[in-house]
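Enquirer: Next up is a structure, given as structure tokens.
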Amino acid sequence: MENDDQPIIDSFPAPYPKTSPTELQSKITFESLLSTVYVKPDLRVMDKYPNTDGHIELTDQQQHPIGKIEVQLKTLADDDLITPKYQCAKHFLKYCSDSILPVILVAVNNAQKKAFWISVDEDVIIDADQRINGETVNIKIPYENCIDGQNHAYLAAWEKLIQVARTKVKGYNGLLQDKELLETKLEVLEEGLRPSTLSPEALAEIHIFLNHYNTILETEFAVLKQTLYTRYWKIGIGIASYTMDRCAFVLIPLDIGRNDPIIRELAPDSFFKRHEALFDGTILSYAAYISQNNIRTNPLALSYSLLKSEFFRIMGKYNFPINDPVIAHEYLISFIDSFWVTLGFEPEQNTYALKQLNFILREVLPVEVAQSHNFADWVKEFNYNIDGTKNTRLHPNLTKRKEAAISLLKTDFVPVVKVTISSELYHIELIYYYLDLLLQSGEENAVRVYHAEMGPKINMKFNWAAWNRPAIFANLELFFKNFTRLYQKYVYHNFRHLQEELNFFDHFDTIFYVLVFDDDLTNQPFLEVYKLNAATEVLPQNYFFKQSDPACPVSRKERFEMDKWDCDLNGVHYKILSVGVQTLDFLFELSPTYSLINKQITKKLKEFFKSKEEVRDTY
């Protein structure tokens, strides 16, 4: 036992922890497995950093920094080599939940010279939260996340972690990023634009192309212009190169408040080489055709080709509105279910007050964020991405922050920093659209459309035996009662000039959805989708059945064993045109309706654009 009265001269410095040699060896092993070109580790094993052991920084080939990842480094026992795992403390998981930077847990087996890693992200934390009983919980590490000095797949995965974290830190949703990127590119382009000196023949060809492009944008894809180009009256062009068999250009939105020429020339290709990273295939891209001048030879097909790329890039980020209360309730309830803690609501209620949601989103939350963040003096505006708070656990401090913000609002308080709430999971403008739609129609509450408890919270889509079958069936029955109507309203509202091309009932007039829920609980349930034509004239309609329902007019057994391709329902004879299979994944999406609508629209628009690949000019 140490003597506290021992003279200083006879005392010893504090010893290293007994585990330090093992930890040091794990650090050496881990660093030896990393690419020295792309990874710059800064790790300490003596707990110099709280909660983590330091960080690694990724660089590109030219050694430019890409971003940092925090690292918790541990030693992996030989017994855990086949199924890597590590016991993590509650305080470490809390740190990962709050960290701005991505955090990875790395377990090193020194004998085998291997390291296994996992990103301690939201999904991992939610799963751990469901299982934890005491102060620690076991975190399983995927065996394929192995770093052995030969396989460098981890580099791409880590870069993706950095990009995701960077998006959350910036707090911009995808559409807002596009709009701001567009403005940035237009500013850069100004330095390379100059008046056109092209021949009259070339100008005529370019005018024909631009007329096609703008006409299609303003009619068939007006929703794209309304979404992305609200400040711009036309799409112009900057020509970098134009010959008989070659063209290179950038399409340029023309600001409605300026008098810019619709056709201008650009500096030579060296301009784009200097700004290669900016014009890399995102919005306002540089297009070059070196074997054929498509503007001259087929301007109409080129217009559709360019719009196709632009449209599908935007569609992946944005749900277009549907003027209908059913989808409004579905979307708002889903939003509340994801952020009920942040919004200050009770979970899994059947109704939520619309005025309260409106007040919290538009007034309370911006003040709460402004007061709880430490901003530099020069910051006047801040976009706060609410996605990082999804599935946050309830905490008394959050309630106090909200109450304080409400008290400040009663005094007409105006924060120094103007906070805008944004989201990538839910397009925030669509949330406001549906709030206004319901409030203006006199509704007081957002009402739950679907049964909330369809199965366990974690991996519910794959644990078939644990599914709540009555809830699944009730939700599907309600879903298909509304789906066709909502789909047609979506098309009418957003693609009025393409109603025929996007018609849900294009070559058939009836559709049967049959739920196949096998008695063998290990088999995945699914929907059989029958497309049929009636022998007599009927209104287009869909029906939903359970396979076990005696009223179901179609039978898999009859179809396979008897080759029976017809059936009867309500006195009408039908011919079966096709049978497909639909998984139930869409039912577990944030918005089941939008999920399936987007899938159907994407399929039909791909067919539409395919038909336009060889379309010829009529001039």
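Enquirer: Conditions first: (1) among the small types (Gly, Ala, Ser); (2) over 30 Å from Ile597 (Cβ atoms); (3) outside any loop (DSSP other than H, G, I, E, B). Ala376 passes all but one, so which condition is the exception?
Expert: Status for Ala376: all satisfied but (3).
Enquirer: For Pro553, work out the one condition from (1) touching a residue at least 24 places away in the same chain (Cβ under 8 Å); (2) farther than 30 Å from Tyr426 by Cα; (3) part of a strand (DSSP E or B) it doesn't fulfil.
Expert: Pro553 satisfies all of (1) touching a residue at least 24 places away in the same chain (Cβ under 8 Å); (2) farther than 30 Å from Tyr426 by Cα; (3) part of a strand (DSSP E or B) except (3).
Enquirer: If we keep just the residues of the range 347-362 that are in a helix (DSSP H, G or I) and in contact with a helix residue (DSSP H, G or I) (Cβ under 6 Å, 6 or more places away or on another chain), which is surrounded by the most Cβ atoms within 10 Å (Cβ to Cβ)?
Expert: Ranking the candidates gives Ile360 first.
To keep it simple, each residue is scored yes or no on (1) in contact with a strand residue (DSSP E or B) (Cβ under 7 Å, 6 or more places away or on another chain); (2) part of a strand (DSSP E or B); (3) not polar (S, T, N, Q).
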site: Asn211; (1), (2), (3): no, no, no
site: Lys225; (1), (2), (3): no, no, yes
site: Lys234; (1), (2), (3): yes, yes, yes
site: Gly238; (1), (2), (3): yes, yes, yes
site: Phe249; (1), (2), (3): yes, yes, yes
site: Ile252; (1), (2), (3): yes, yes, yes
site: Glu265; (1), (2), (3): yes, yes, yes
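Enquirer: Moving to a separate point now. Considering only the range 48-59, I want to know if a residue exists there that is surrounded by 14 or more Cβ atoms within 10 Å (Cβ to Cβ), touching a residue at least 12 places away in the same chain (Cβ under 8 Å), within 20 Å of Thr392 (Cβ to Cβ) and touching a Ser or Thr at 6+ places or on another chain (Cβ under 9 Å).
Expert: yes
Enquirer: Farther than 18 Å from Asn358 by Cα and of a type outside the set (Ser, Thr, Tyr): which single residue out of Leu425, Leu437, Leu409, Leu430 fits that description?
Expert: Going through Leu425, Leu437, Leu409, Leu430 in turn, the sole match is Leu425.
To keep it simple, each residue is scored yes or no on (1) surrounded by 11 or more Cβ atoms within 10 Å (Cβ to Cβ); (2) under 21 Å from Arg393 (Cβ atoms); (3) of a type in the set (Val, Ile, Thr); (4) at pLDDT 80 or above.
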residue	(1), (2), (3), (4)
Gln63	no, no, no, yes
Ile69	yes, no, yes, yes
Leu73	yes, no, no, yes
Leu76	yes, no, no, yes
Lys85	yes, no, no, yes
His91	yes, yes, no, yes
Ser99	yes, yes, no, no
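Enquirer: In the range 326-346, is there at least one residue being among the small types (Gly, Ala, Ser), over 28 Å from Val367 (Cα atoms) and either in a loop (DSSP other than H, G, I, E, B) or modelled with pLDDT under 85 (or both)?
Expert: No, that holds for no residue.
Enquirer: Which one of these does Phe320 not meet: (1) in a helix (DSSP H, G or I); (2) in contact (Cβ under 8 Å) with a residue 40 or more places away in the chain; (3) surrounded by 18 or more Cβ atoms within 10 Å (Cβ to Cβ)?
Expert: (1)
Enquirer: Restricting to the range 87-111, what's the tally of residues that are touching a helix residue (DSSP H, G or I) at 6+ places or on another chain (Cβ under 8 Å) and either of a type outside the set (Gly, Ala, Ser) or closer than 23 Å to Glu31 by Cα (or both)?
Expert: Within the range 87-111, residues that are touching a helix residue (DSSP H, G or I) at 6+ places or on another chain (Cβ under 8 Å) and either of a type outside the set (Gly, Ala, Ser) or closer than 23 Å to Glu31 by Cα (or both) number 14.
Enquirer: When you scan the range 375-393, do you find a residue that is surrounded by 14 or more Cβ atoms within 10 Å (Cβ to Cβ) and basic (Lys, Arg), even just one?
Expert: Yes, there is a match, as at least one residue in the range 375-393 is surrounded by 14 or more Cβ atoms within 10 Å (Cβ to Cβ) and basic (Lys, Arg).
Enquirer: Can you tell me which residue is farthest from the chain's Cα centre (by Cα) among those in the range 414-432 that are buried (at least 18 other Cβ atoms within 10 Å of the Cβ) and among the hydroxyl-bearing types (Ser, Thr, Tyr)?
Expert: Ranking the candidates gives Ser422 first.
Enquirer: Continuing with the same structure: Take the residues of the range 593-615 that are over 29 Å from Leu478 (Cα atoms) and surrounded by 15 or more Cβ atoms within 10 Å (Cβ to Cβ): which is modelled with the lowest pLDDT?
Expert: Across the range 593-615, the extreme among qualifying residues is Lys612.
Enquirer: Spot the failing condition for Asp520; the list is (1) in a loop (DSSP other than H, G, I, E, B); (2) touching a residue at least 12 places away in the same chain (Cβ under 8 Å), and only one is missed.
Expert: All conditions pass for Asp520, except number (2).
Enquirer: Still on this structure, I have one more. Against the condition under 24 Å from the mean Cα position of the chain (by Cα) and either of a type in the set (Gly, Ala, Ser) or at pLDDT below 95 (or both), how does Gly388 come out, does it pass?
Expert: Yes: the conditions hold for Gly388.
Enquirer: Now a separate question. Six or more apart or on different chains, Cβ atoms under 6 Å: show the pairs whose first residue is in the range 465-488 and assigned to a helix (DSSP H, G or I) and whose second is of a type in the set (Gly, Ala, Ser).
Expert: Taking only residues 6 or more apart or on different chains, the pairs are Ala466/Gly455.
Each row is one residue, and each column tells you yes or no for (1) more than 20 Å from Glu589 (Cα to Cα); (2) in contact (Cβ under 8 Å) with a residue 40 or more places away in the chain; (3) of a type outside the set (Lys, Arg).
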| residue | (1), (2), (3) |
| --- | --- |
| Gly388 | no, yes, yes |
| Thr399 | yes, yes, yes |
| Lys402 | yes, yes, no |
| Leu408 | yes, yes, yes |
| Thr411 | yes, no, yes |
| Leu425 | no, yes, yes |
| Leu437 | yes, yes, yes |
| Ser441 | yes, yes, yes |
| Ala446 | no, yes, yes |
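Enquirer: Only one residue in Ala157, Ala107, Ala202 is in contact with a strand residue (DSSP E or B) (Cβ under 7 Å, 6 or more places away or on another chain), among the aliphatic types (A, V, I, L, M), part of a helix (DSSP H, G or I) and modelled with pLDDT of 85 or more. Which one?
Expert: Ala202
Enquirer: Also, I was wondering about something else. Any chance you could count how many residues in the range 341-386 are of a type in the set (Val, Ile, Thr) and touching a residue at least 60 places away in the same chain (Cβ under 8 Å)?
Expert: Total satisfying the criteria: 1.
The values are calculated or read from the model by the stated rules, or taken from the named source; none is laboratory data. Bear in mind that the values here come from a model prediction, so they are computed numbers and not experimental data. So basically every Cβ, Gly included, is an ideal-geometry build from the backbone, and we count neighbours across all protein chains shown.
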